[in-house]
Amino acid sequence: MPCPARPYRKEPAVTASRKDDHVRLALAQTPSTSASARAVPNGSPSPFDDVHLIHHALAGTDRTLIDLSSSFAGMHWPVPLYINAMTGGSPMTGEINRDLAIAGHETGLPVATGSMSPYLKDPDTADTFATVRRHHPHGFIMANVNALATPEQARRAVGLLEANALQIHINAVQETVMPEGDRSFGSWPASIEAIATAVAVPVIVKEVGFGLSGITVSQLADLGVAVADVAGGGGTNFAAIENGRREQADYSYLNSWGLSTPAALLDARGCGLPLLASGGIRHPLDVVRSLALGAHAAGVSAAFLATLQRDGLAPLISQIQQWLDQITALMTVLGAHCPAEVSSCDVVLTGSLYDFARQRCLDIKTSTEETA
Ligand code: FNR
């Protein structure tokens, strides 16, 4: 059983209140307590609705033959679903991290912490992150730093969590809209390369909701990164969140900036790295659609946070168990015995996603075998 949490100590008010703001504003974008009923923030249909798996009525297999585990970049995940980076650094967010870790422990999901900048600035906040390893002692844990972390800071972040992988988030649009954000991004590639060389665990580079293009993923492969989490649009919208923290809210025209998650997957397939999908994953079908577009697993942030904060930990654990059960059921219907086999399923694209794929001259059947 997970050990009881230690009390959290006080840390600098600015960072802590920003972390609390992000939770509050992300929840405000997530209208329903039910992740399966969640609409994208602007009320328009999800870009995932333009991804259609072709029904072959005799394709089905036996449920007992399904293996949910997913292996890529030398990593072995028990399930193709993970709790993606959100938080840590304040007393409230430490409790959220503890509960997300317990949910991961009960269901086998890998878990990422939010950015560990608060810990790197103030070691007193360590326990708001370390709680994740304590409550998910044998799980796959991802530490998270920004692109300007030094190699020494990256190693400290990994060390605190005994992390199995390190996420580096790249978030130029979020920083731009964030009132107190960074304004210089030119040194990010060199810094990412230095971190990837310095840490002993695989490095996963992720966006925060604006997507990674194929060109970006190729660059990341050259920098020594192991995995790309495309983290596209369609879910939590950090342009809107940071704009809500500005006095004038004068960046609202950036709300639709970036690549949606399915568009980013299409663009980044075959560009040299194994892919993860996150951003706007609403239900088990979106997970399976992501696998069909070449992802090895799909990550969820705000939808699971909303269940935790509105309904509690036990409902979150039930929700995740139901998702795993239904992912298994959908793979049974498709005749895909493991997540990798879903990428061979027939897919048709419609609407603006189809237009995007045509204009970008993308072959939706590009093999991902060379990057698996
Ligand atoms: C995030 N996200 C995030 N990502 C990251 O790499 N470091 C971070 O610190 C945070 N912080 C954060 C806070 C909150 C409250 C949320 C909801 C999200 C981004 C997250 O990992 C993911 O990329 C996006 O949220 C898109 O996924 P969803 O929310 O649409 O499932």
Open item on the list: So E180 passes all but one of these: (1) more than 18 Å from L220 (Cα to Cα); (2) surrounded by 15 or more Cβ atoms within 10 Å (Cβ to Cβ). Which condition number does it fail?
Closed with: (2)
TODO: Within segment 133-148, identify whether any single residue is at pLDDT 95 or above, within 12 Å of the ligand (Cβ to nearest atom), crowded, with 17+ Cβ neighbours inside 10 Å and part of a loop (DSSP other than H, G, I, E, B), and answer yes or no.
DONE: yes
TODO: For segment 311-349, name all the residues that are within 17 Å of G299 (Cα to Cα) and hydrophobic (A, V, I, L, M, F, W, C).
DONE: L316, I317, I320, W323, L324, I327, A340, V342
TODO: Restrict the check to segment 65-78 and report whether at least one residue is more than 14 Å from the ligand (Cβ to nearest atom), closer than 23 Å to L316 by Cβ, part of a strand (DSSP E or B) and not acidic (D, E).
DONE: yes
Task: Some residue of segment 13-25 being within 30 Å of V201 (Cα to Cα), at pLDDT below 95, touching an Asp or Glu at 6+ places or on another chain (Cβ under 7 Å) and surrounded by 13 or more Cβ atoms within 10 Å (Cβ to Cβ) - done: no
- [ ] With respect to A200, determine if the residue is more than 21 Å from the chain's Cα centre (by Cα), of a type in the set (A, V, I, L, M), at pLDDT 95 or above and over 24 Å from G258 (Cα atoms).
- [x] yes
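Say whether the condition of being modelled with pLDDT of 95 or more, within 16 Å of the ligand (Cβ to nearest atom), of a type in the set (A, V, I, L, M, F, W, C) and within 29 Å of V225 (Cβ to Cβ) is met by at least one residue in segment 304-314.
Yes, because at least one residue in segment 304-314 is modelled with pLDDT of 95 or more, within 16 Å of the ligand (Cβ to nearest atom), of a type in the set (A, V, I, L, M, F, W, C) and within 29 Å of V225 (Cβ to Cβ).
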Task: Yes/no for T261 being hydroxyl-bearing (S, T, Y), more than 13 Å from Y82 (Cα to Cα) and buried (at least 23 other Cβ atoms within 10 Å of the Cβ) - done: yes
- [ ] Mind listing just one residue for me: the one in segment 88-102 that is more than 16 Å from the chain's Cα centre (by Cα) and closer than 17 Å to S318 by Cβ and, of those, surrounded by the most Cβ atoms within 10 Å (Cβ to Cβ)?
- [x] I102
Task: Residue tally, condition surrounded by fewer than 21 Cβ atoms within 10 Å (Cβ to Cβ) and at pLDDT below 90, over segment 26-35 - done: 4
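Listed here are the residues, each with its yes/no results for (1) surrounded by fewer than 18 Cβ atoms within 10 Å (Cβ to Cβ); (2) in contact with an Asp or Glu (Cβ under 9 Å, 6 or more places away or on another chain); (3) within 19 Å of V79 (Cβ to Cβ).
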| position | (1), (2), (3) |
| --- | --- |
| V287 | no, no, yes |
| S290 | no, no, yes |
| W323 | no, no, yes |
| M331 | no, yes, yes |
| E341 | yes, no, yes |
| S352 | yes, yes, no |
| L362 | no, yes, no |
- [ ] Take the residues in segment 221-241 that are within 27 Å of V177 (Cα to Cα) and small (G, A, S), then tell me which one is surrounded by the most Cβ atoms within 10 Å (Cβ to Cβ).
- [x] A231
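Report whether or not N164 is surrounded by fewer than 23 Cβ atoms within 10 Å (Cβ to Cβ), touching a Ser or Thr at 6+ places or on another chain (Cβ under 9 Å) and in contact (Cβ under 8 Å) with a residue 24 or more places away in the chain.
no
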Open item on the list: Please go through (1) crowded, with 18+ Cβ neighbours inside 10 Å; (2) over 27 Å from I141 (Cβ atoms) for H169 and return the number of the only condition it doesn't satisfy.
Closed with: (2)
Open item on the list: Just to be sure I understand, how many residues within segment 78-106 are among the polar types (S, T, N, Q) and in contact with a Pro (Cβ under 8 Å, 6 or more places away or on another chain)?
Closed with: 1
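The values are calculated or read from the model by the stated rules, or taken from the named source; none is laboratory data. Worth saying up front: this structure is predicted, and the values here are computed from it rather than measured. Please note: Cβ atoms are built from the backbone with ideal geometry, for glycine as well, and neighbour counts cover all protein chains shown.
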